[in-house]
Structures are given as structure tokens and as C-alpha cells.
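K.L.:
Below you will find the structure I want to go over with you.
Just so it is clear, none of the values below were taken in a lab; they were calculated from the coordinates. Being a predicted model, the structure only gives us computed values, none of them experimental. Cβ coordinates were reconstructed from backbone atoms using ideal geometry, including for glycine residues, and neighbour counts include every protein chain displayed.
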């Protein structure tokens, strides 16, 4: 019996309904499964996600959500070989599948680690407070909370695993559930991964749902609390972006569209240089990886006029080494497109381009294969074209042939190369191969307005560079104009996209109570027990220890200068102060900080395990010999940490506000330090 592609909706697996569509193996043409386009209750799915998944995720802290992602990444890693077996049926080689499968799981790991940049709270206090009054009794702060809706992800066919995981990693860390709608043709692989995610039991009920059909009507029920993301063609993206419901409800919409990405060969990168070889290697890789079916693939190769023939010969030589065929066959480095429908569309696009820009490598109708039949699979040879007049023949900058196709374009000057990259009307990525820093700077600044990412490739970074076509989790993935005008991933920036930012105004004490972060000027809680004698759980936000005082002497300055080796003239030479800001020998700023530490530290062994670092420090007023300083040490923020092993010590990070003041009560130095503090409960 033929399998049927399943949806996961409202906690149940269902095949949907409507006319059957055959999903075929991209390599052999064999039937994989049947898909049904509709029959989904999208309104019910939305309500289920909001009432179940959203409520559960919103209650979890960032630390809990991050640990959930880590556990899920480990769980999927153990089952990755099952995903590889299915991935071959999409026409992908092992290397292609590695990017999709392990790259996607890698995103889960990356965002799991990102939890360390967030508090152990369900919400996020952003940046620093803003003073709104002269006396400091009225301040403002920005707070971010998870939206109360659902993230709807509409994905393309080329990355059925990465396309899903790179997005849900972000919304789950932010505290929002997701409904994922992959392209049907490769959704059998997405379905397999979702089945394992659901089987793991690691996500709260309603945190993830899957639609494998057409998804028609999926946007009819979104609200202003939801977020919609789209990856695919610019044409489809524009259609979705104009959906009446999105406009009426002002729903955030992020679009990451296929674009005419470019790679530039710097004028210094002549044959024989490492950069020339790297450029050729990168073009070859981007043409053949995933059979060119990448939104970031190089479509336009810009080359100095005098080097066009050299590039043509070198690239042809490299492409000739590429064995095409069944991804399971030994030695195959390039597989097929995902289906014969895509193959025909690609041929039509290349034929259109070829009217102005001739094919100089490859053949639309002939391809030598290993272990495969060209009449059954969706195979095509790499195609390289040449546009000798790129300002006249503009199809190169407007028509994207989504497959193993690139066009060589000559340029006269770097300014012209920059202008040609911009003719793509907005791209996800551009790269330049150069060892010349001046060329790199001119290109990067000049091309930045039209690109979401720019890679500068040279021999210094080549060994570790992830390459032109690889978006990284902690950097934005997106681009202006044709590329969609949106941003995905981007580390903390991406997480904020699924949260609502609100400005909170009030007194420092009230803002402290709301944010759970001590605000300077708020009421302080003084206790009889030194805070260094307390465990992590026992410390309270705003708890303050007021130290004894110390009168600074000239001997302190001299001794610190000798110990530190800091003999800056303002500290040691009173005769050199004319024309400066100082009225006498000034105390070292780092002496003040060091002395403050000596004043507030409790030296006995206790729950404080170590000094974790200095987050910020400012010296706000000069200190001269004869002045008296004191310290107020206040618990500013607490961030719990999970145990790395059963033997590990349960602990957390405490941020302390160190306020050093003089005899007038005025602050002379202000710093935030961090300590690692043992927990009372060693089972947590």
C-alpha cells in the first residue's frame, strides 16, 4: 500500500483530503508517497497553538527553552542517519544532505547556546535604562515579552530540514509555537523529522504543527499577535505579503526570497594567486552544491575583463571533474534537481537567458550520469553562460535560473563591479575574492546597501571560512529588495522578532520590581549578613551591602603605580598637569576599582565560588589624595545555570552593581561585576 504524506494538526496525524498528488523520487522517478492538498482546519490549528503551545512556552524561562532546544538537537542527532536515507530521494548527495540535516540541527545547538545571553526569566530586559527626569526619580526601560500568537513558517523545497529547524529554533527560544508549511514535493523528509520531534516528547503540547499540503487558506486566520515568515520565490513572496489578512491585522511578515547573488573576483586576484583559485573553487561549489538549488547560490560571477578567458578555462576544468548521478553511487558529487517539473522550468529559464548570453559550458539536453537514468530522474549538467554586455543584456540581472547555472560577467573597474551587483535589485549575499584590504573595504561599503551579507574571501580565512552560500545562525540571513527585505536568524536580533517590545516608565524602584533587574536609584535592601555569605537562592534583587570607608593617600598612588607598572603622568608627575582636566595627582581608576573590591569582598570561604568577570565600568569623577571613598554593593541580577553533569556544582551567575562614592555622596566609579555563586539546592 502506498504511503500517504501526513499533517500533524491539533495533536493528531492526518493525511488531509482532496485530489491525490504523486511525490516521486528525484533520482529514479519511483513513487514515494501520495499527498493530499487540503482538508486542514487552519483556524482550529491556530487556536490550538495559541491556547496550548503559546501558554506553555511563555511560562518557560529562556534557560528552560534553551535546554529544551539542546535536548532536541541531541535527540535528532542520534537519528540523523534515518534522515539521510530519505534525503537521497530528494536528489541530494551526502554533502548536500549534511548542510540540510546537520546544518539544521546545528541551528538548534546554536540557539540553545544563545540562552546564555538571556536571563533566567520568561521575558527580556533590553539594553540600559533611560533617564527621563533631572532628579532621577522617573526612568524608562524597554522590555520584550513573547507574542501571544503563533509563528507560521512557509518554506521552500530546497532545504526540507534546515528550512524548518533554522526558523523554529528562533521562535521556540523566544517563547512562541510554530506551524510549519514546507513545500509538498520534499515534505516527506520534513514529516520524518517532525515525527521524531513529536515522539521525543521534548516540546510542550501545541508547540509544533505541520502542514504538508498546499496550505491554501493558512493565512486567513492569522492575527496581529502572530508572525509569518516565507522562504521561496520573490513572486510568491510578494503575493503572500499582500494578503488582506496580513494587511488588516498588521501581521509581521518576514520574506527571504531567491536572489541573483554575485561573486566578484578582485583585480589583484590574478591566476597563480590563492584568491584566484579560491574564487574558482567557490563558483564550482555553488553551482554543484544541492545542484544549484540554493537561495544563496552564485548566479553572477563578476570578473575583470582581462581575466574572463582565464576564469572560463579554470572553471570549465573544475566542472569537468564533477561526477553527476545517483547520490548513492560512489564518486558522485552532484545529484539531481528535486523533480522533473523543476527541471523543465529550469530549462525554460536557461533558454530565455541564452537568447542574449550564450552557454559556454554544459548542455541543456545532454548529461553524463553514474548510476542513474536521465529519462527518469531530474538531472541536468552544470551550465555556465557569458554576458559580454551586462548593462545592455539585463536578463542576467532579472531572471534567476534556479539550478546549477551561473553567468560570467566582465567588469572594467571596481565601481562598475559594484554597480553590476546592484543591478540584481537586492541580494541575500555577495562575495569578493581579494587579498587587497583597500579593494575589500571599497567593495563592502559600496555594495552594502544592496546585500544582506558580504563575504570577503582570501587565503587568511579560507581554511575556516564556511563559504559564500552558508548563512550562519548568529548572523542575519536576508537581504533588501528582491531578496525580500527581511532578516532571519541573527542571534539575539532574530529572537526579538518573535517578541513584543514595550517601553516601561516609572520610578527606579517600580522598574526594578517589574524587570527583576536593579535600577540605579531604586530603594536598596540592607541586611545584617554579608551577601557573600549567602547562596544563590537566598540573594534578593536590590539587596545592598554598605562597606567601611577609606581615605586615599599619596602613598596609595605610589604603591599602586609600582605594583601595576602604570606610571601615567597624571598619577605620578604633578608638574605635568598644566592644561589638563586635573587639579593635582589623580588616583588610578583601577586602584579605585581594586580598592572597592577589597572593601566589599568577604574573604572567608563561602557560597561565592569565583569572580566571573567585569561587565561594565566607568570612572565618573576624579579622586585625589585626601578624599574618602565608600562602596555600595547591590544585587543587580541573577542568572541560574544548569548543571553540566551529575557531579557538577549547582550554581548561578550574580551581577552586582558596584557604586563607589566619595565623602559628598557623589559617585566616582560605577561598575557591574559578576560572581559565580553556589546554590543551596544542589539538585537543581
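K.L.:
Arrange the peptides 663-669, 458-464 so that the one whose residues have, on average, the most other Cβ atoms within 10 Å appears first. Don't jump to the answer; show the numbers that get you there.
P.N.:
On the way: 663-669: 13.7, 458-464: 12.1.
Descending mean neighbour count gives 663-669, 458-464.
K.L.:
Still on this structure: Over the chain, what is the relative contact order in percent, taking alpha-carbon pairs closer than 8 angstrom and at least six residues apart? Intermediate values should be presented prior to the final figure.
P.N.:
Details: 1539 pairs, mean separation 84.7, N = 684.
Normalised by residue count, the contact order of the chain is 12 percent.
K.L.:
Determine the distance separating the Cα centre of region 481-499 from the Cα centre of region 422-461; give it in Å without decimals.
P.N.:
20 Å
K.L.:
Still on this structure: How many angstrom separate the Cα center of region 189-219 from the Cα center of region 1-33?
P.N.:
The two parts, judged by their Cα centres, are 14 Å apart.
K.L.:
Going by the alpha-carbon gyration tensor, a ≥ b ≥ c the square roots of its eigenvalues, is region 429-580 rounded (a/c under 1.5) or, if a/c is not under 1.5, prolate (a/b greater than b/c) versus oblate? Present the calculation step by step, with values, prior to reporting the outcome.
P.N.:
Details: a/c = 2.80, a/b = 1.45, b/c = 1.94.
It is oblate, given that a/c is not under 1.5 and a/b is not larger than b/c.
K.L.:
Next question. For region 110-156, just the Cα atoms, rotate onto the principal axes and tell me the three extents in Å, largest first.
P.N.:
Projected onto the principal axes, the Cα atoms of region 110-156 cover 54, 23, 18 Å.
K.L.:
Now for a separate question. Between the helical axis of 103-114 and the dominant principal axis of the chain, each derived from Cα atoms, what acute angle in degrees is found, rounded to the nearest 10?
P.N.:
10 degrees
K.L.:
I've got another one for you. Gap in Å between the Cα centre of region 286-303 and the Cα centre of region 332-359?
P.N.:
12 Å
K.L.:
Can you say what percent of the DSSP beta bridges in the chain, counting only those with both residues inside, are antiparallel? Round to 5.
P.N.:
Values: 64 of 108 bridges.
The answer is about 60 percent antiparallel.
K.L.:
Another question, then. Roughly what angle does helix 340-354 make with the longest principal axis of the chain, taking Cα atoms, 0 to 90 degrees, to the nearest 10?
P.N.:
The angle comes out near 90 degrees.
K.L.:
Scaled to the compact-protein estimate 2.2 N^0.38 Å, what is the alpha-carbon radius of gyration of the chain, rounded to two decimal places? List each step's numbers first, then the result.
P.N.:
On the way: Rg = 30.0 Å, N = 684, 2.2 N^0.38 = 26.3 Å.
For the chain, the normalised Cα radius of gyration is 1.14.
K.L.:
What does the helix-only formula give at 222 nm for the chain: each DSSP H stretch with n ≥ 4 adding -39500 (n - 2.57), the total divided by the residues, and the result rounded to the nearest 500 deg cm²/dmol? Kindly include the intermediate steps, with their values, before the conclusion.
P.N.:
Details: 20 runs with 196 residues, N = 684.
-8500 deg cm²/dmol, from helical runs alone.
K.L.:
Rounded, prolate or oblate for region 300-388? Axes are the square roots of the Cα gyration tensor eigenvalues, ordered a ≥ b ≥ c, and the cut-off for rounded is a/c under 1.5. Intermediate values should be presented prior to the final figure.
P.N.:
Numbers: a/c = 2.94, a/b = 1.45, b/c = 2.02.
Oblate, because a/c is 1.5 or more while a/b does not exceed b/c.
K.L.:
Follow-up question, since we're still on this one. Mind checking the log10 I(q)/I(0) for region 524-678 at q = 0.15 Å⁻¹? Debye, one equal scatterer per Cα, no solvent, two decimals.
P.N.:
-0.81
K.L.:
I've got another one for you. Looking at the square roots a ≥ b ≥ c of the eigenvalues of the Cα gyration tensor of region 373-469, which shape do they give, rounded for a/c under 1.5, prolate if a/b is larger than b/c, or oblate? Don't skip to the end; give the middle numbers.
P.N.:
Details: a/c = 2.16, a/b = 1.38, b/c = 1.57.
Oblate, since a/c reaches 1.5 and b/c is not below a/b.
K.L.:
In addition: Of the listed peptides 516-529, 224-237, 131-144, what is their order by residue-averaged count of other C-beta atoms within 10 Å, with the highest listed first? Kindly include the intermediate steps, with their values, before the conclusion.
P.N.:
Details: 516-529: 16.1, 224-237: 20.5, 131-144: 14.6.
Ranked by mean Cβ neighbours within 10 Å, highest first: 224-237, 516-529, 131-144.
K.L.:
So how long is each side of region 215-328 along the principal axes, counting just the alpha-carbon atoms, biggest first, in Å?
P.N.:
Here the Cα extents, ordered largest to smallest, are 58, 38, 19 Å.
K.L.:
Run a plain Debye calculation on region 261-483 (Cα atoms as equal point scatterers, no solvent) and give log10 I(q)/I(0) at q = 0.08 Å⁻¹, rounded to two decimals, same order as the q list.
P.N.:
Reported log10 I(q)/I(0), two decimals: -0.26.
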